[in-house]
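These notes are about the structure you will find just below.
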Amino acid sequence: MMFLQIKGTALTVTDNMTARVQDVWFDLDTGRISHAVVDLGGWLTSDLALITPGRINAAGDTWTLSMTKGELTRAPRWNAPGDAPLIDWPPIVVGPFGNTLSLPLLAAQMRDARGDMDDIAQVISQTTDAASALIAAPVGGEADAITDLAIDLDSTTVTHVIIGSDHLPISLLRRAPDGALRLSDTVG
């Protein structure tokens, strides 16, 4: 299955809760998927959690997430690069009935309640690559760019990188010391 087909796939969590796959994080050397980024939020909110692929059952058209609400609450969170840091938030918000709320304090309390789980998200982002970040990325300084990634759902690995009309094994794709993506025969 292709990554762009997986992105946005609905997951049934409970009878009255659904989630959507937003991204997958994988090891570029092995293709092994370490986590899926799953959006647990509603229409107007986004709550991105990092879920191990073994918790997602991809059977036919109905995909399910095998986790309890408590496990989802404790799952590490992923803050997208565009999220505003706490320093940019107002120190106090006055509600419609005069109640005051400190957003930075509330966020810190929520982070403390989850423990060190956000540190896991940081380690994952430093040791693996996000599939969505590779889409449209140039390869080897050439005009060709990655258009999609092929994923084997049974082994939870990225197997091929699609560049134009070519399906190349993921093992040929390497990150050069300068951070650029290269095909292994061009890395020297």
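The values are calculated or read from the model by the stated rules, or taken from the named source; none is laboratory data. Keep in mind that what you see is a predicted model, and the values were worked out from it rather than measured. Here the Cβ positions follow ideal geometry from the backbone for every residue, glycine too, while neighbour counts run over all protein chains shown.
Computed values, structure above
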quantity	calculated
Residue in segment 166-174 that is at positive phi and out of contact with any Ser or Thr (no Cβ under 8 Å at 6 or more places or on another chain) present	no
Hits in segment 1-55 - residues which are surrounded by 21 or more Cβ atoms within 10 Å (Cβ to Cβ), in contact with a Leu (Cβ under 8 Å, 6 or more places away or on another chain) and farther than 17 Å from Pro76 by Cα	Phe3, Leu11
Listing of strands (runs of 3 or more DSSP E) fully contained in segment 6-106 that carry 2 or more residues being small (Gly, Ala, Ser), closer than 30 Å to Val161 by Cα and at pLDDT 85 or above	33-39
